[in-house]
Amino acid sequence: MTRIELSLTAPDLPRDTVGARPKTIYLAGERYARIEQFADLTSDTKNLIIVSEPDIWLVDAVHKTVSHSVNHGPDLTVHNPILGPDGPEELFPLEYGREVDFFKASASRLPPQELHGTRCDVRQMILHGYRLRLYVDSRRQIPVEMEAVKDGEFVLRVRYDSYRTDLPLDSSLFEPPNGLTVVEASD
């Protein structure tokens with residue numbers, strides 16, 4: 001299991017919004033994902049997206065409700081694309097938890113740099129007007145930061161505050177919390 005704590009910076013994401021607060025992502029294999037996002041600017045209450053393919057739950061911690069839907073396929077693999085649906089199809093495999101492998105397979109190597117006090121290996125890829133850079137801790141081989149620029153304009157920065165792999169599987173993370181009202185999504 002992998003646990004990633006990250007913060008996003010983007011031109012359309014003001015620092016004083018919920019989306020700019022840190023997020024935590026848990027990933028396990030190709031079937032499981034959990035995303036924890038703060039529900040508001042000041043509390044520790046977190047909304048959840050939980051995927052245990054084919055089941056998907058959206059947990060609204062403020063209203064104490066869970067929306068449940070079922071992925072009817074054909075692809076029952078969890079995907080967590082960093083650029084989302086707006087990026088080119090070739091960048092869809094650039095996913096949280098798979099950043100290092102993606103860049104190793106398809107990006108050029110730049111000279112090492114120090115970033116946030118960490119010596120980093122740097123990889124860069126240029127595709128369809130995007131310039132993507134991944135900074136990887138040279139010693140631990142985990143992401144430190146990823147930056148996306150499109151047509152010379154800054155698009156996104158992902159700062160990895162913590163990145164832990166090979167954790168034991170905690171299957172309870174991929175189940176909805178008990179005691180909440182479940183609403184089934186209509187198909």
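The values are calculated or read from the model by the stated rules, or taken from the named source; none is laboratory data. In this text, all values refer to a predicted model and were calculated from it rather than measured experimentally. Note that we place each Cβ from the backbone using ideal geometry, even for glycine, and neighbour counts take in every protein chain shown.
Numerical summary
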| quantity | calculated |
| --- | --- |
| Val100 vs. criteria in a helix (DSSP H, G or I), of a type in the set (A, V, I, L, M) and modelled with pLDDT of 95 or more | yes |
| Residue in segment 70-91 that is without any contact (Cβ under 8 Å) to a residue 40 or more places away in the chain, part of a helix (DSSP H, G or I), touching a strand residue (DSSP E or B) at 6+ places or on another chain (Cβ under 7 Å) and not hydroxyl-bearing (Ser, Thr, Tyr) present | yes |
| Candidates Val144, Val136, filtered to the one that is in contact with a Ser or Thr (Cβ under 7 Å, 6 or more places away or on another chain), part of a strand (DSSP E or B) and of a type outside the set (S, T, N, Q) | Val144 |
| Selection status of Lys64, touching a Phe, Trp or Tyr at 6+ places or on another chain (Cβ under 7 Å) and modelled with pLDDT under 95 | no |
| Within segment 143-166, considering residues that are in contact with a Lys or Arg (Cβ under 6 Å, 6 or more places away or on another chain) and under 18 Å from Lys23 (Cβ atoms), the one surrounded by the most Cβ atoms within 10 Å (Cβ to Cβ) | Glu145 |
| Selected residue (criterion: nearest to the chain's Cα centre (by Cα)) from residues of segment 19-47 that are touching a residue at least 60 places away in the same chain (Cβ under 8 Å) and part of a strand (DSSP E or B) | Ile25 |
| Lone unmet requirement of (1) assigned to a loop (DSSP other than H, G, I, E, B); (2) touching a helix residue (DSSP H, G or I) at 6+ places or on another chain (Cβ under 8 Å); (3) buried (at least 16 other Cβ atoms within 10 Å of the Cβ) for Pro176 | (2) |
| Filter pass, Arg21 being charged (D, E, K, R), surrounded by fewer than 17 Cβ atoms within 10 Å (Cβ to Cβ) and closer than 25 Å to Phe154 by Cα | no |
